[in-house]
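Visitor: Have a look at this one before I ask anything.
The values are calculated or read from the model by the stated rules, or taken from the named source; none is laboratory data. All figures in this text were calculated on a predicted structure; none of them were measured in a lab. Please note: Cβ atoms are built from the backbone with ideal geometry, for glycine as well, and neighbour counts cover all protein chains shown. Heavy atoms of the whole protein, side chains included, go into the accessibility calculation; ligands, DNA and RNA do not. Shrake-Rupley method; radii C 1.70, N 1.55, O 1.52, S 1.80 Å.
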Amino acid sequence: MERLLLKNGLIYRGFGFERCCVLIEGGRIAKIATEIDAEGVQTVDLAGLTMLPGLVDVHVHLREPGFEYKETIASGSAAAARAGYTAICPMPNLNPVPDSVEHLRVQLDAIERDARVRVLPYASITAGQKGEGELVDFEALAPYVIGFSDDGRGVQSDDLMREAMRRCAKTGRPIVAHCEVNDLLRGGYIHDGEYAREHGHKGICSESEWRQVERDINLVRATGCRYHVCHVSTKESVALVRRAKAEGLPVTCETAPHYLLLNETNLQNDGCYKMNPPLRGVDDQAALIEGAVDGTIDVIATDHAPHSAEEKSRGLEKSAFGIVGLETAFPLMFTNFVQKGVMSMERLVQMMCVNPRRIFGIPGGLNVGDVADIAVMNLSADYVINPKHFVSKGKSTPFAGYKVQGDCAMTIVDGRVVFRGFDVA
């Protein structure tokens, strides 16, 4: 492996910034010091740039195998590298569904062939990812996956989820739950709130999410399974997770930048505002922000969900659920929360870099001996979000035209430069 010396950058290690040099050898951080002299190394001057532990996104959709017209391992991981992510975890909404080692192998082969960053997949909880029926062989799949999820569907049966948690607990992997009670959906496609009522849309009630969060936390109490809640969107879900943490249960959760930055008052009849769960009410947004700041919400994940332009062109009722997020998450969070004093830089780094690694056992950090997965950021870069510039095949975002600050200048994975921007000398 090549030896790499990063000079004159600001390094963020959880307690502030300091100007340092970082020597990388054999894919790991070999030395951190104010000055480092080394021969036979590739040297990069990072003056004016900031080194962070590589970003981690524990909730993305890469669409391969089965839906490559939306995204591929190659395009999705390249978008991740462009944004400073060194590890991403794709959900099992695929064909074939990774519900067996044989089916998972199709995805693993594509990852080995095309991934630009670490791609750590999930297996499904149920056969065919149906949210009902038969459970997968957790023990056989566990060595190959980061966790188990039926994302896109909630596991409907209490007894089936209890048995899934019981089996999954033996593997040490987490259940990563999309919480949704099918009987409460009633054909809805946006939040069941004022906008839906005023414009004649069918709504998705908040209880469809939090009722299953409540059930699952009770099952965690009974089984001891590690449990992570996907894309929390309601104030009730935040309160339930907060109580579970206070009780000492092994419960964690994530939310996405769009739930922190937007609510139902921002809705327009445009597919770029349609995602599942939907944008909720003003009170829900406030509770999510409070939970992100106080530590109740552990992780910022994007739920990066690319679709074709045609699939997102049918308005709120008929467009596909999901927006892209890999290439906008960090600048949106840095601009709107750190720069405005809503949360500290340390808290943002915890949610986007540190906590995902801790919860899911992903290597990396900014200490000597750590795997050299590093995001080099230009925190002073300001620009306007333009989906035409996205590396991802997906272009649908409600944040087009937003002015943001903070851009990735270089991404290093396992000591190798996988993205290098024009700002790096």
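Visitor: For the chain, what does the accessible surface come to per residue with a 1.4 Å probe? Please give it in Å². Numbers along the way, then the final one.
Guide: Working: 16130 Å² over 425 residues.
In whole numbers, the chain has 38 Å² accessible per residue.
Visitor: Measure off, as a whole percent, the carbon and sulfur share of the 1.4 Å-probe accessible area of the range 25-132, all protein chains present.
Guide: Carbon and sulfur: 44 percent of the exposed surface of the range 25-132.
Visitor: What are the ³J(HN,Hα) couplings of the range 403-417, residue after residue, when phi is run through the Karplus curve with 6.51, -1.76, 1.60 and θ = phi - 60°? Round to Hz, x for glycine and proline.
Guide: Rounded to whole hertz, the list is 8, 9, 10, x, 9, 7, 9, 7, 10, 10, 10, 6, x, 10, 6.
Visitor: Picking from Ala239, Ala169, Trp210, whose Cα lies most toward the positive end of the charge dipole for the range 149-240 (charges on Cβ: Lys, Arg +1; Asp, Glu -1)?
Guide: Checking the options against the dipole of the range 149-240, the answer is Ala169.
Visitor: OK, next. Give the carbon-plus-sulfur fraction of the accessible surface of the range 247-293 in %, rounded to a whole number; probe 1.4 Å, heavy atoms of protein chains only.
Guide: The computed percentage sits at 44.
Visitor: I'd like the Karplus ³J(HN,Hα) series for the range 185-192: coefficients 6.51, -1.76, 1.60, θ = phi - 60°, whole numbers in Hz, and an x wherever there's a Gly or Pro.
Guide: Values, residue by residue: 6, 6, x, x, 9, 9, 4, 7 Hz.
Visitor: Something else now. Taking amide H atoms as placed 1.01 Å from N in the peptide plane, list the residues 5 or more away in sequence, or in a different chain, whose amide H sits under 5 Å from that of Met410.
Guide: Close amide H contacts, sequence-distant or interchain: Val376, Gly421.
Visitor: May I pose another question? Residues with amide H under 5 Å of Leu135's amide H, sequence separation 5 or more or different chain, H placed in the peptide plane at 1.01 Å from N; which?
Guide: Placed amide hydrogens put Ala127 under 5 Å from Leu135.
Visitor: What accessible surface, in Å², does a 1.4 Å probe find on Ser380, ignoring ligands, DNA and RNA and rounding to the nearest 10?
Guide: 80
Visitor: Which translational diffusion coefficient, to the nearest whole µm²/s, is obtained for the range 205-350 from the Stokes-Einstein equation, given a Kirkwood hydrodynamic radius over C-alpha pairs, 20 °C and 1.002 mPa s?
Guide: This corresponds to a translational diffusion coefficient of 134 µm²/s.
Visitor: Report, in debye and to the nearest 20, how large the dipole of the range 221-377 comes out about its Cα centre when Lys and Arg carry +1 and Asp and Glu carry -1 on their Cβ. Intermediate values should be presented prior to the final figure.
Guide: On the way: 15 positive and 18 negative charges, 66 e Å.
Dipole magnitude for the range 221-377 comes out near 320 debye.
Visitor: Determine the order of Glu236, Glu264 by accessible area, beginning with the largest, at a probe radius of 1.4 Å.
Guide: The residues order as Glu236, Glu264, largest area first.
Visitor: With unit charges on the beta carbon (Lys/Arg positive, Asp/Glu negative), name the residue among Ile300, Val371, Phe148 whose Cα is farthest towards the positive pole of the charge dipole of the chain.
Guide: Val371
Visitor: Considering only the chain, what is the antiparallel percent among its DSSP beta bridges, to the nearest 5?
Guide: If I count the DSSP bridges inside the chain, around 55 percent turn out antiparallel.
Visitor: Same structure, new question: Give me the Kirkwood hydrodynamic radius of the range 78-224, using the inverse of the mean 1/r over all pairs of distinct Cα atoms, in Å to one decimal. Working shown, then result.
Guide: Working: mean 1/r = 0.0602 Å⁻¹.
Over the range 78-224, the inverse of the mean reciprocal pair distance is 16.6 Å.
Visitor: Could you give me the ³J(HN,Hα) list for the range 267-278, computed from phi with Karplus coefficients 6.51, -1.76, 1.60 and θ = phi - 60°, whole Hz, x at Gly and Pro?
Guide: Running phi through 6.51 cos²θ - 1.76 cosθ + 1.60 with θ = phi - 60° gives 4, 9, 7, 9, x, 6, 9, 10, 8, 10, x, x Hz.
Visitor: In square angstrom, rounded to the nearest 10, how much accessible surface does Leu94 have for a 1.4 Å probe?
Guide: Counting only protein heavy atoms, Leu94 exposes about 10 Å² to solvent.
Visitor: Using only DSSP helix segments of four residues or longer, with each worth -39500 (n - 2.57), what per-residue ellipticity at 222 nm results for the chain after dividing by its residue count and rounding to 500?
Guide: -7500 deg cm²/dmol
Visitor: Could you tell me how far the Cα centroid of the range 351-425 sits from the Cα centroid of the range 44-70, in Å?
Guide: Centre-to-centre (Cα) distance: 6 Å.
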